[in-house]
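Asker: Okay, here's the structure, questions in a sec.
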Amino acid sequence: MKKLLFVVCLLYFFSNGVQAQAFNPKFFSFSDAFSRSNYSSDPIDQAKLLKELGYDGVEVGFGNFEQMDKKIEAIDKQGLKVYMIWARIDLDTEPYFDQKLFEFFPKVKDKGVTIWFHIFSKKFKPSDPAGDAICVPILQELADSAAKYGVRIALYPHRSDWLIKVGHAVQLTQKADRKNVGAVFNLCHYLKIEERDQLDIELAKACPYLFAVSINGADDGATNEMEWDRLIQPLGNGTFDVLNVLKILKKNNYKGPVGLQCYQVPGKPEDFLKTSMVAWKKYMKKL
(Lines give C-alpha, C1' and ligand atoms only; values in the text may rest on other atoms or scores of the structure.)
Protein backbone atom coordinates (compact mmCIF):
# COMPACT_ATOMS: atom_id res chain seq x y z
CA MET A 1 0.00 0.00 0.00
CA LYS A 2 2.81 2.41 0.91
CA LYS A 3 4.57 1.55 -2.34
CA LEU A 4 1.41 2.28 -4.31
CA LEU A 5 0.94 5.59 -2.52
CA PHE A 6 4.56 6.50 -3.25
CA VAL A 7 4.08 5.79 -6.96
CA VAL A 8 0.87 7.83 -7.04
CA CYS A 9 2.64 10.77 -5.40
CA LEU A 10 5.50 10.53 -7.89
CA LEU A 11 3.05 10.54 -10.80
CA TYR A 12 1.22 13.53 -9.31
CA PHE A 13 4.33 15.62 -8.86
CA PHE A 14 5.73 14.53 -12.23
CA SER A 15 2.53 15.43 -14.09
CA ASN A 16 2.31 18.82 -12.36
CA GLY A 17 5.97 19.44 -13.07
CA VAL A 18 5.47 18.72 -16.76
CA GLN A 19 2.40 20.94 -16.74
CA ALA A 20 4.36 23.76 -15.14
CA GLN A 21 6.99 23.52 -17.87
CA ALA A 22 4.44 23.40 -20.68
CA PHE A 23 4.27 27.18 -21.24
CA ASN A 24 7.65 28.13 -22.63
CA PRO A 25 7.07 30.02 -25.89
CA LYS A 26 9.94 30.88 -28.17
CA PHE A 27 10.98 34.52 -27.78
CA PHE A 28 12.19 36.50 -30.78
CA SER A 29 13.08 40.11 -31.49
CA PHE A 30 11.66 42.40 -34.13
CA SER A 31 14.21 43.67 -36.63
CA ASP A 32 13.29 47.25 -35.74
CA ALA A 33 15.43 46.81 -32.63
CA PHE A 34 18.31 47.92 -34.83
CA SER A 35 16.62 50.62 -36.90
CA ARG A 36 17.39 53.66 -34.72
CA SER A 37 20.99 52.98 -33.80
CA ASN A 38 24.41 52.83 -35.37
CA TYR A 39 24.54 49.12 -34.70
CA SER A 40 25.71 46.98 -37.61
CA SER A 41 23.14 46.40 -40.36
CA ASP A 42 24.69 43.02 -41.08
CA PRO A 43 22.13 40.31 -40.15
CA ILE A 44 24.99 38.09 -38.96
CA ASP A 45 26.13 40.69 -36.41
CA GLN A 46 22.58 41.28 -35.25
CA ALA A 47 21.94 37.55 -34.94
CA LYS A 48 25.13 37.10 -32.91
CA LEU A 49 23.96 39.71 -30.41
CA LEU A 50 20.50 38.19 -30.12
CA LYS A 51 21.93 34.72 -29.64
CA GLU A 52 24.35 35.98 -27.00
CA LEU A 53 21.46 37.58 -25.10
CA GLY A 54 19.35 34.41 -25.24
CA TYR A 55 16.77 35.15 -27.93
CA ASP A 56 15.45 32.22 -29.96
CA GLY A 57 15.17 34.06 -33.23
CA VAL A 58 14.29 37.16 -35.20
CA GLU A 59 11.65 38.81 -37.31
CA VAL A 60 12.81 40.11 -40.69
CA GLY A 61 11.33 43.36 -41.96
CA PHE A 62 10.45 44.41 -45.47
CA GLY A 63 13.03 43.57 -48.06
CA ASN A 64 13.79 42.23 -51.48
CA PHE A 65 12.39 38.70 -51.59
CA GLU A 66 15.02 37.79 -54.16
CA GLN A 67 17.68 38.39 -51.48
CA MET A 68 15.67 37.33 -48.44
CA ASP A 69 16.72 33.68 -48.59
CA LYS A 70 20.37 34.74 -48.31
CA LYS A 71 19.58 36.78 -45.21
CA ILE A 72 17.75 33.81 -43.68
CA GLU A 73 20.68 31.55 -44.45
CA ALA A 74 23.04 33.98 -42.69
CA ILE A 75 20.79 34.01 -39.61
CA ASP A 76 20.46 30.22 -39.65
CA LYS A 77 24.23 29.88 -39.46
CA GLN A 78 24.16 31.75 -36.13
CA GLY A 79 21.83 29.16 -34.67
CA LEU A 80 18.77 31.40 -34.69
CA LYS A 81 15.45 30.99 -36.45
CA VAL A 82 13.58 33.46 -38.61
CA TYR A 83 10.06 33.29 -37.20
CA MET A 84 8.33 36.08 -39.06
CA ILE A 85 8.81 38.00 -42.31
CA TRP A 86 6.94 41.22 -43.04
CA ALA A 87 4.90 41.60 -46.21
CA ARG A 88 2.05 43.80 -47.41
CA ILE A 89 -1.34 43.32 -48.99
CA ASP A 90 -2.87 46.36 -50.70
CA LEU A 91 -6.59 45.91 -51.35
CA ASP A 92 -6.68 48.90 -53.69
CA THR A 93 -4.09 47.91 -56.28
CA GLU A 94 -3.51 44.81 -58.37
CA PRO A 95 -1.42 42.82 -57.99
CA TYR A 96 -2.41 42.95 -54.35
CA PHE A 97 0.95 41.72 -53.06
CA ASP A 98 4.53 41.19 -54.17
CA GLN A 99 4.36 38.39 -56.74
CA LYS A 100 7.92 37.37 -55.88
CA LEU A 101 6.40 35.67 -52.85
CA PHE A 102 5.52 32.73 -55.08
CA GLU A 103 9.20 32.30 -55.90
CA PHE A 104 10.18 32.84 -52.28
CA PHE A 105 8.01 30.13 -50.72
CA PRO A 106 10.07 27.21 -52.13
CA LYS A 107 13.29 28.79 -50.79
CA VAL A 108 12.05 28.48 -47.19
CA LYS A 109 10.42 25.08 -47.54
CA ASP A 110 9.86 23.44 -44.13
CA LYS A 111 11.85 26.11 -42.25
CA GLY A 112 8.86 27.04 -40.10
CA VAL A 113 8.65 30.53 -41.56
CA THR A 114 5.49 32.62 -41.19
CA ILE A 115 4.76 35.58 -43.45
CA TRP A 116 2.80 38.14 -41.48
CA PHE A 117 0.87 40.63 -43.53
CA HIS A 118 -0.28 44.10 -42.74
CA ILE A 119 -3.29 44.80 -44.93
CA PHE A 120 -3.68 48.29 -46.36
CA SER A 121 -6.48 50.21 -48.07
CA LYS A 122 -7.55 53.78 -48.69
CA LYS A 123 -10.66 52.67 -50.52
CA PHE A 124 -12.05 50.97 -47.43
CA LYS A 125 -12.14 52.54 -44.01
CA PRO A 126 -10.40 50.67 -41.17
CA SER A 127 -12.27 47.47 -40.27
CA ASP A 128 -14.84 48.03 -43.03
CA PRO A 129 -16.22 44.50 -43.63
CA ALA A 130 -16.83 45.39 -47.28
CA GLY A 131 -13.14 44.79 -47.84
CA ASP A 132 -13.45 41.17 -46.70
CA ALA A 133 -14.78 40.08 -50.08
CA ILE A 134 -11.54 41.19 -51.72
CA CYS A 135 -9.21 40.17 -48.91
CA VAL A 136 -10.37 36.59 -48.27
CA PRO A 137 -9.67 35.24 -51.80
CA ILE A 138 -6.23 36.88 -51.65
CA LEU A 139 -5.49 35.10 -48.37
CA GLN A 140 -6.72 31.80 -49.78
CA GLU A 141 -4.52 32.15 -52.86
CA LEU A 142 -1.48 32.92 -50.73
CA ALA A 143 -2.26 30.17 -48.24
CA ASP A 144 -2.74 27.49 -50.89
CA SER A 145 0.58 28.35 -52.51
CA ALA A 146 2.43 28.65 -49.19
CA ALA A 147 1.01 25.39 -47.80
CA LYS A 148 2.94 23.34 -50.38
CA TYR A 149 6.15 24.48 -48.67
CA GLY A 150 5.11 24.46 -45.03
CA VAL A 151 4.83 28.26 -44.88
CA ARG A 152 2.13 29.94 -42.78
CA ILE A 153 0.23 33.21 -43.28
CA ALA A 154 -0.49 35.49 -40.32
CA LEU A 155 -2.67 38.61 -40.24
CA TYR A 156 -1.08 41.53 -38.39
CA PRO A 157 -3.36 44.29 -37.04
CA HIS A 158 -1.70 47.67 -37.46
CA ARG A 159 -2.93 51.11 -36.42
CA SER A 160 -2.62 52.84 -39.81
CA ASP A 161 -4.07 50.08 -42.00
CA TRP A 162 -7.40 48.59 -42.98
CA LEU A 163 -6.79 45.64 -40.69
CA ILE A 164 -6.42 47.28 -37.28
CA LYS A 165 -8.17 44.95 -34.81
CA VAL A 166 -7.36 41.46 -33.61
CA GLY A 167 -11.04 40.49 -33.71
CA HIS A 168 -11.16 41.34 -37.41
CA ALA A 169 -7.99 39.30 -37.99
CA VAL A 170 -9.76 36.35 -36.35
CA GLN A 171 -12.83 36.84 -38.56
CA LEU A 172 -10.67 36.87 -41.69
CA THR A 173 -8.89 33.75 -40.47
CA GLN A 174 -12.22 32.00 -40.08
CA LYS A 175 -13.43 33.12 -43.50
CA ALA A 176 -10.21 32.09 -45.22
CA ASP A 177 -10.68 28.62 -43.76
CA ARG A 178 -7.11 27.43 -44.31
CA LYS A 179 -5.06 25.58 -41.71
CA ASN A 180 -2.01 27.71 -42.44
CA VAL A 181 -3.79 31.06 -41.92
CA GLY A 182 -3.92 32.63 -38.47
CA ALA A 183 -4.15 35.92 -36.60
CA VAL A 184 -1.66 38.05 -34.66
CA PHE A 185 -2.12 39.87 -31.36
CA ASN A 186 0.05 42.97 -31.19
CA LEU A 187 -0.05 44.52 -27.72
CA CYS A 188 0.99 48.09 -28.58
CA HIS A 189 -1.48 48.39 -31.46
CA TYR A 190 -4.25 46.93 -29.32
CA LEU A 191 -3.58 49.50 -26.59
CA LYS A 192 -3.52 52.32 -29.14
CA ILE A 193 -6.68 51.37 -31.06
CA GLU A 194 -8.96 49.12 -29.06
CA GLU A 195 -10.77 49.21 -25.73
CA ARG A 196 -8.25 48.70 -22.95
CA ASP A 197 -10.89 47.27 -20.59
CA GLN A 198 -11.74 44.51 -23.09
CA LEU A 199 -8.18 43.28 -23.59
CA ASP A 200 -8.43 40.20 -21.38
CA ILE A 201 -11.66 39.09 -23.03
CA GLU A 202 -10.57 39.83 -26.59
CA LEU A 203 -7.22 38.11 -26.18
CA ALA A 204 -8.78 34.99 -24.68
CA LYS A 205 -11.26 34.81 -27.59
CA ALA A 206 -8.46 35.22 -30.13
CA CYS A 207 -6.07 32.66 -28.63
CA PRO A 208 -7.29 29.60 -30.59
CA TYR A 209 -6.57 31.44 -33.86
CA LEU A 210 -3.26 33.11 -33.01
CA PHE A 211 -0.06 32.26 -34.86
CA ALA A 212 1.99 34.96 -33.15
CA VAL A 213 1.92 37.51 -30.34
CA SER A 214 4.02 40.62 -29.84
CA ILE A 215 4.64 42.29 -26.48
CA ASN A 216 6.69 45.11 -24.98
CA GLY A 217 6.74 47.30 -21.93
CA ALA A 218 4.01 49.96 -21.88
CA ASP A 219 2.14 52.35 -19.62
CA ASP A 220 -1.40 51.68 -18.51
CA GLY A 221 -4.33 54.06 -18.32
CA ALA A 222 -5.91 56.00 -21.19
CA THR A 223 -3.79 54.13 -23.72
CA ASN A 224 -5.72 55.35 -26.79
CA GLU A 225 -4.40 58.84 -26.04
CA MET A 226 -0.76 57.82 -25.56
CA GLU A 227 2.06 58.10 -28.07
CA TRP A 228 4.44 55.29 -29.01
CA ASP A 229 7.10 56.35 -26.51
CA ARG A 230 4.70 55.25 -23.76
CA LEU A 231 3.14 52.30 -25.59
CA ILE A 232 6.44 50.74 -26.73
CA GLN A 233 9.12 50.47 -24.05
CA PRO A 234 11.68 47.83 -23.15
CA LEU A 235 10.02 44.81 -21.59
CA GLY A 236 9.76 45.27 -17.83
CA ASN A 237 9.34 49.05 -18.11
CA GLY A 238 6.06 50.90 -17.76
CA THR A 239 2.98 50.34 -15.60
CA PHE A 240 1.07 47.95 -17.86
CA ASP A 241 0.88 44.36 -16.55
CA VAL A 242 2.49 42.40 -19.37
CA LEU A 243 2.70 39.32 -17.15
CA ASN A 244 -1.11 39.18 -17.19
CA VAL A 245 -1.04 38.94 -21.01
CA LEU A 246 1.26 35.94 -20.73
CA LYS A 247 -1.00 34.39 -18.09
CA ILE A 248 -3.94 34.65 -20.49
CA LEU A 249 -1.89 33.00 -23.24
CA LYS A 250 -0.91 30.20 -20.88
CA LYS A 251 -4.46 29.68 -19.62
CA ASN A 252 -5.72 29.42 -23.20
CA ASN A 253 -3.01 26.98 -24.28
CA TYR A 254 -1.24 29.31 -26.69
CA LYS A 255 1.64 27.45 -28.40
CA GLY A 256 3.11 30.00 -30.78
CA PRO A 257 6.12 32.31 -30.48
CA VAL A 258 6.20 35.68 -28.75
CA GLY A 259 7.95 38.64 -30.38
CA LEU A 260 9.48 41.72 -28.78
CA GLN A 261 8.22 44.92 -30.42
CA CYS A 262 11.03 47.50 -30.49
CA TYR A 263 9.71 50.27 -32.76
CA GLN A 264 11.42 53.58 -31.96
CA VAL A 265 12.77 52.38 -28.61
CA PRO A 266 15.60 54.80 -27.82
CA GLY A 267 19.08 53.77 -26.79
CA LYS A 268 21.46 51.01 -27.76
CA PRO A 269 19.91 47.68 -28.80
CA GLU A 270 22.49 45.81 -26.77
CA ASP A 271 21.08 47.59 -23.70
CA PHE A 272 17.30 47.48 -24.17
CA LEU A 273 17.39 43.98 -25.64
CA LYS A 274 19.29 42.82 -22.57
CA THR A 275 16.84 44.59 -20.23
CA SER A 276 13.93 42.98 -22.07
CA MET A 277 15.47 39.51 -21.88
CA VAL A 278 15.97 39.88 -18.10
CA ALA A 279 12.27 40.77 -17.76
CA TRP A 280 11.23 37.88 -20.04
CA LYS A 281 13.14 35.37 -17.90
CA LYS A 282 11.48 36.74 -14.77
CA TYR A 283 8.05 36.33 -16.37
CA MET A 284 8.83 32.77 -17.42
CA LYS A 285 10.04 31.93 -13.90
CA LYS A 286 6.80 33.28 -12.39
CA LEU A 287 4.77 31.24 -14.86
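The values are calculated or read from the model by the stated rules, or taken from the named source; none is laboratory data. Small disclaimer: the values here were computed from a predicted structure and weren't measured. No Cβ is skipped: glycine too gets one built from the backbone with ideal geometry, and neighbour counts run over all protein chains shown. To get the accessible areas, we keep the full protein, side chains included, count just its heavy atoms, and leave off ligands, DNA and RNA. Shrake-Rupley method; radii C 1.70, N 1.55, O 1.52, S 1.80 Å.
Asker: Could you please let me know if residue 151 is under 15 Å from residue 87 (Cα atoms), open to solvent by less than 10 Å² (accessible area, probe 1.4 Å) and touching a Leu at 6+ places or on another chain (Cβ under 7 Å)? If you could, list the steps in order and put the result at the bottom.
Answerer: Numbers: under 15 Å from residue 87 (Cα atoms): yes; open to solvent by less than 10 Å² (accessible area, probe 1.4 Å): yes; touching a Leu at 6+ places or on another chain (Cβ under 7 Å): no.
Spelling it out, it is not the case that residue 151 is under 15 Å from residue 87 (Cα atoms), open to solvent by less than 10 Å² (accessible area, probe 1.4 Å) and touching a Leu at 6+ places or on another chain (Cβ under 7 Å).
Asker: Go over the candidates 278, 258 one by one and state the one that is open to solvent by 50 Å² or more (accessible area, probe 1.4 Å), on the phi < 0 side of the Ramachandran plot and among the hydrophobic types (A, V, I, L, M, F, W, C). Show your work before the answer.
Answerer: Values: 258 fails: open to solvent by 50 Å² or more (accessible area, probe 1.4 Å).
After applying the criteria, what remains is 278.
Asker: Write out, first by first residue and then by second, each pair whose Cβ atoms fall under 7 Å of each other, whose residues are 6+ apart or on separate chains, and whose first residue, in the range 224-252, is within 23 Å of residue 25 (Cα to Cα) and of a type in the set (A, V, I, L, M, F, W, C) while the second is in a helix (DSSP H, G or I) and open to solvent by 40 Å² or more (accessible area, probe 1.4 Å).
Answerer: 243/286; 248/200
Asker: Assuming residue 182 fulfils every condition listed in (1) farther than 30 Å from residue 266 by Cβ; (2) in contact with a strand residue (DSSP E or B) (Cβ under 6 Å, 6 or more places away or on another chain); (3) open to solvent by 10 Å² or more (accessible area, probe 1.4 Å) apart from one, which condition is it?
Answerer: (3)
Asker: If you go through the range 106-128 one residue at a time, how many are open to solvent by 10 Å² or more (accessible area, probe 1.4 Å), touching a residue at least 40 places away in the same chain (Cβ under 8 Å) and closer than 22 Å to residue 92 by Cα?
Answerer: Matching residues across the range 106-128 total 4.
Asker: Right, next: Conditions: (1) touching a residue at least 60 places away in the same chain (Cβ under 8 Å); (2) touching a Gly at 6+ places or on another chain (Cβ under 9 Å); (3) under 22 Å from residue 256 (Cα atoms). Residue 180 meets all but one. Number of the miss?
Answerer: Tallying (1) touching a residue at least 60 places away in the same chain (Cβ under 8 Å); (2) touching a Gly at 6+ places or on another chain (Cβ under 9 Å); (3) under 22 Å from residue 256 (Cα atoms), residue 180 fails exactly one: (1).
Asker: Next question, about the same structure. Just give me the residues in the range 226-249 being over 13 Å from residue 188 (Cα atoms), open to solvent by 50 Å² or more (accessible area, probe 1.4 Å) and in a helix (DSSP H, G or I), in sequence order.
Answerer: 247
Here's the yes/no breakdown for (1) touching a Pro at 6+ places or on another chain (Cβ under 8 Å); (2) surrounded by fewer than 16 Cβ atoms within 10 Å (Cβ to Cβ); (3) farther than 27 Å from residue 281 by Cβ; (4) free of Cβ contacts under 8 Å to residues at least 12 places away in the same chain:
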position	(1), (2), (3), (4)
47	no, no, no, no
54	no, yes, no, no
88	no, yes, yes, no
155	no, no, yes, no
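Asker: Please find, among 268, 192, the residue that is charged (D, E, K, R), farther than 29 Å from residue 22 by Cβ and crowded, with 19+ Cβ neighbours inside 10 Å.
Answerer: Answer to the check: 192.
Asker: Here's a follow-up. Residues to consider are 201, 232; find the one that is within 26 Å of residue 285 (Cβ to Cβ), aliphatic (A, V, I, L, M) and out of contact with any strand residue (DSSP E or B) (no Cβ under 6 Å at 6 or more places or on another chain).
Answerer: 232
Asker: Could you tell me which of the residues 14, 34 is at pLDDT below 85 and of a type in the set (Phe, Trp, Tyr)?
Answerer: 14
Asker: Looking only at the range 213-225, which residues are open to solvent by 10 Å² or more (accessible area, probe 1.4 Å) and outside any helix (DSSP H, G or I)?
Answerer: 219, 220, 221, 222 - these are the residues of the range 213-225 that are open to solvent by 10 Å² or more (accessible area, probe 1.4 Å) and outside any helix (DSSP H, G or I).
Asker: Quick check on the range 24-69: of everything there that is of a type in the set (Phe, Trp, Tyr) and assigned to a helix (DSSP H, G or I), which residue is farthest from the chain's Cα centre (by Cα)? Quick ask: steps written out before the conclusion?
Answerer: So in the range 24-69, the residues of a type in the set (Phe, Trp, Tyr) come out as 27-28, 30, 34, 39, 55, 62, 65.
Then drop every residue that is not assigned to a helix (DSSP H, G or I), which leaves 34, 65.
On the way: 34: 17, 65: 20 Å.
Top of the filtered list is 65.
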